[in-house]
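Have a look at the structure below, then the notes.
Each reported figure results from applying straightforward, stated rules to the coordinates on display, with no laboratory input. Keep in mind that this is a model prediction, so the values were computed, not measured. Neighbour counts run over all protein chains shown; Cβ positions are idealised from the backbone, glycine included.
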Amino acid sequence: MAPTVDDLRSQYENSLLAVAQSMRDAAEAAELFANAIVNTPMINGHAKEKGTTREEDAVDGKRKRAKKDPLAPKRPASSFFLFQNQIRPKVKEQHPNLPSHELRKLLAEQWNTLPEEQKNVSAFVLFSVSCDVLLFASSNSTSNKWRTS
């Protein structure tokens, strides 16, 4: 015997009521999730686990450092390091008895007197001749005395 129209209507109503209840449950779960995200402290884009503090991660009062990836690529050298690597041997040759901290001061002074366009990495590589031209005149003087070689 085939189901009657009243039986089919009743079955249809029950299905709609079940779907409506499922939608209410899903909306409630979404609201709970949204509240949890808003109230969760974040560290570097990740939720901080409850119950863990930085003090717990500390050993002898010092935080553990994250392990570096030994295969990660290194950053390219800055224009200052390119400049310093090129000019350091010449300055050291001129002033062999100069302590390393004084040598760094001389290199920094020379770097600070370069025009900004020569400090640019690409400009520095293209115009590195300026490193060969500028040399500090005196080991005791901290003024801007230069001479060309």
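List of remarks:
- Label-point separation in nm, GLU31 to ASN120, each point 7 Å along Cα→Cβ: 5.8 nm
- Each of the peptides 96-103, 1-8 was scored by the mean count of other Cβ atoms within 10 Å over its residues; in descending order, highest first, they stand as 96-103, 1-8.
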